[in-house]
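These notes are about the structure you will find just below.
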Amino acid sequence: MADDAQSGDWETDFAALDRRHVWHPFTANEPGKAPVPIVAGRGSELIAADGTRYLDCISSWWVNLHGHAHPAIAAAVARQAATLEHVIFADFTHAPAARLAARLSALLPDALTRCFFSDNGSTAVEVALKIAAHFWKNAGSRKRRRIAALEGGYHGDTVGAMSAGRGSGFSDAYAEMLFAVDLLPVPDTWIGDDTAAVREARALDTARDYFAAHGPELAALIVEPLVQGAGGMRMHRPEFLRALAGLAREAGALVVFDEVMTGFGRTGAAFACLGAEVAPDLICLAKGLTGGFLPLAATLCRDEIYDGFAGADLGRMLAHGHSYAANPLGCAAALASLDLLEDGGFGRAAAMKGAHCARLPQLIATLGARAARPRICGTIAAFDVAGDTQGYGAPVGRRIKRAALERGLLIRPLGNVVYLLPPYCMTEDELDRAYSGLAAAIGNL
Ligand SMILES: *Cc1c(COP(=O)(O)O)cnc(C)c1O
């Protein structure tokens, strides 16, 4: 009882302090709106200060793999914290970073052997872009300065990542700050779509024309393989990805895969590049890297790229490094998360496609004309909700989010795109709850 009173005070205090002092990410500054105060998490559930349990259907912004507060990762972080919490990563190293780099290399396509650590998905992308640009400079090429990306792509919120992700529309307010990036079309597809092959051929024609005109000036092509996440869970076929990457290679450019969202089992395969059988020259990893525990990111590349920076000349050196680069706590969490992935996690991720396939068509049928373009890639299921407006600004998404929250579901539609992206530990019963909650939330709008 004393405890209850105490937690009550604490709850009121922190929610009030938040309202007074905290600025939340991607959150409109509207008076009278307050975030949900969360005090604990277990498995797929989050527990609010008032005791309400929310089913985390989006893995807390796509980071969580094994469930909240997983004891094995918590213990690994605690052990590491009591041993070495951090050390500068220039001129020094430590076992968790070296072991993690080796394990990531072993999981990824053969050539990706060299690992640069940073803090988050955006920085992993910035690092890849800087490596690509600097690699060509070191190689003596004055021409390879262009960066190409895909329409609808999203690569993070820092300025370089926003430039590459210009096609997502999230950075419109900052357009004057961005550098030029060439956008190529990507044909997104869905279950029952019989136009994909035609649209892919057209998109590849456009790409061919672009490479013919600008191939020798291209430093790198950056792509979210198989699924464009924040751009609306837009999915394309592996055939298209392979063909596009092949064209970029033929043009002599580096191919960068941004697997910040698609990595670590999210698309069913361990990494989208492995599922699609196409190896990039550089890969960006973050989000699921630590199982959702700590901010850590990695950019891995081929040895030839690393060798392009060889020499004592500081002008040839990659001028990049974050204070918390390769933080040992993050590395320890990542190693523990990889153990869990290899000990059943990857299997559960691969199996989730079947669980979605057994439920999504039924939900679409129930919603009738309100839902369109159902799509599934591994653990991700998505569809569009018909409404007056499309895109991220569509108000229908906010209404669905609110209605779902009232039913104990944490979802976060991207405008009119509703999706589930659960942690791999989510049970069949919990998935049933998620799907029936969605049907009710959307059906009763
Ligand atoms: C989320 C995301 C990023 C940015 O990662 P942050 O950790 O939020 O900076 C970059 N690329 C993709 C594909 C993402 O989904």
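The values are calculated or read from the model by the stated rules, or taken from the named source; none is laboratory data. Note that the coordinates shown come from a computational prediction; the quantities given were computed from them, not determined experimentally. Here the Cβ is made from the backbone with ideal geometry for all residues, glycine too, and neighbour counts use every protein chain on show. The protein model used for the area step is the full one, side chains on, heavy atoms only, and it has no ligands, DNA or RNA in it. Shrake-Rupley method; radii C 1.70, N 1.55, O 1.52, S 1.80 Å.
List the residue pairs whose Cβ atoms are under 7 Å apart, where the first residue sits in the range 73-84 and is at negative phi, the second is open to solvent by 40 Å² or more (accessible area, probe 1.4 Å), and the two are 6 or more positions apart or on different chains.
Ile73/Phe293; Val77/Phe293
Here are Ala102, Ala148, Ala132: which of them is hydrophobic (A, V, I, L, M, F, W, C), away from the ligand (no atom under 11 Å from the Cβ) and out of contact with any helix residue (DSSP H, G or I) (no Cβ under 9 Å at 6 or more places or on another chain)?
Just one listed residue meets the conditions, Ala102.
Return the residues of the range 358-388 that are more than 25 Å from the chain's Cα centre (by Cα) and among the β-branched types (Val, Ile, Thr); say none if nothing qualifies.
Result: Ile364, Thr366.
Just the residues that are among the hydrophobic types (A, V, I, L, M, F, W, C) and touching a strand residue (DSSP E or B) at 6+ places or on another chain (Cβ under 9 Å), please, taken from the range 93-116.
Ala97, Leu100, Ala101, Ala102, Leu104, Leu108, Ala111, Leu112, Cys115, Phe116
For residues that are hydrophobic (A, V, I, L, M, F, W, C), closer than 24 Å to Ala381 by Cα and surrounded by fewer than 22 Cβ atoms within 10 Å (Cβ to Cβ), scanning just the range 176-197, find the one that is farthest from the ligand (Cβ to nearest atom).
Checking each candidate, the answer is Ala197.
Inspect all residues belonging to the range 48-58 and state whether any of them is within 16 Å of the ligand (Cβ to nearest atom), open to solvent by less than 30 Å² (accessible area, probe 1.4 Å) and in contact with a Leu (Cβ under 9 Å, 6 or more places away or on another chain).
There is at least one residue in the range 48-58 that is within 16 Å of the ligand (Cβ to nearest atom), open to solvent by less than 30 Å² (accessible area, probe 1.4 Å) and in contact with a Leu (Cβ under 9 Å, 6 or more places away or on another chain).
Pull up the range 85-110, narrow it to residues that are open to solvent by 30 Å² or more (accessible area, probe 1.4 Å) and under 18 Å from Phe264 (Cα atoms), then point me to the one that is nearest to the chain's Cα centre (by Cα).
If we take residues in the range 85-110 being open to solvent by 30 Å² or more (accessible area, probe 1.4 Å) and under 18 Å from Phe264 (Cα atoms), then Leu107 is nearest to the chain's Cα centre (by Cα).
I'd like the full set of residues that are under 18 Å from Pro280 (Cβ atoms) and either at pLDDT below 95 or surrounded by fewer than 23 Cβ atoms within 10 Å (Cβ to Cβ) (or both), limited to the range 123-143.
Lys130, Ala133, His134, Trp136
Is the range 194-210 home to any residue that is of a type in the set (A, V, I, L, M), more than 20 Å from the chain's Cα centre (by Cα), in a helix (DSSP H, G or I) and over 30 Å from Gly393 (Cα atoms)?
yes
For the range 231-251, what are the residues that are touching a strand residue (DSSP E or B) at 6+ places or on another chain (Cβ under 8 Å) and either free of Cβ contacts under 8 Å to residues at least 40 places away in the same chain or under 20 Å from Ala298 (Cβ atoms) (or both)?
Leu241, Ala245, Arg249
Mind telling me which of the residues Ala248, Ala270 ends up being in a loop (DSSP other than H, G, I, E, B) and either over 26 Å from Arg144 (Cβ atoms) or more than 16 Å from the ligand (Cβ to nearest atom) (or both)?
Checking each option against the conditions leaves just Ala270.
Within the range 299-393, considering only helices (runs of 4 or more DSSP H) that don't extend past its boundaries, which have at least 1 residues that are open to solvent by 70 Å² or more (accessible area, probe 1.4 Å) and of a type in the set (A, V, I, L, M)?
Qualifying helices (runs of 4 or more DSSP H): 360-367.
Just to be sure I understand the filter: pairs with C-beta atoms under 9 Å, separated by 6 or more residues or on different chains, first member in the range 252-266 and closer than 16 Å to Cys301 by Cβ and part of a loop (DSSP other than H, G, I, E, B), second member open to solvent by 10 Å² or more (accessible area, probe 1.4 Å) and aliphatic (A, V, I, L, M). Which pairs pass?
That search, which allows pairs on different chains as well, returns Gly263/Ala270.
Hey, could you check the range 416-436 for residues that are open to solvent by less than 10 Å² (accessible area, probe 1.4 Å) and assigned to a helix (DSSP H, G or I) and say which is nearest to Ile400 (Cα to Cα)?
Ala434
Quickly run through the range 285-319 and pick out the residues that are away from the ligand (no atom under 16 Å from the Cβ) and touching a strand residue (DSSP E or B) at 6+ places or on another chain (Cβ under 8 Å).
Result: Cys301, Arg302, Asp303, Ile305, Tyr306, Leu318.
Six or more apart or on different chains, Cβ atoms under 6 Å: show the pairs whose first residue is in the range 154-175 and aliphatic (A, V, I, L, M) and more than 11 Å from the ligand (Cβ to nearest atom) and whose second is open to solvent by 60 Å² or more (accessible area, probe 1.4 Å) and modelled with pLDDT of 95 or more.
Val159/Met177
Ala440 is checked against (1) touching a Lys or Arg at 6+ places or on another chain (Cβ under 9 Å); (2) touching a residue at least 60 places away in the same chain (Cβ under 8 Å); (3) not charged (D, E, K, R) and fails just one. What number does that condition carry?
Only one criterion in (1) touching a Lys or Arg at 6+ places or on another chain (Cβ under 9 Å); (2) touching a residue at least 60 places away in the same chain (Cβ under 8 Å); (3) not charged (D, E, K, R) is unmet by Ala440, namely (2).
May I ask you to list the residues in the range 111-122 that are open to solvent by 20 Å² or more (accessible area, probe 1.4 Å) and over 19 Å from the mean Cα position of the chain (by Cα)?
Ala111, Thr113, Arg114
Determine, yes or no, whether Val223 is of a type outside the set (Gly, Ala, Ser), open to solvent by less than 30 Å² (accessible area, probe 1.4 Å), within 30 Å of Val87 (Cβ to Cβ) and within 12 Å of the ligand (Cβ to nearest atom).
no
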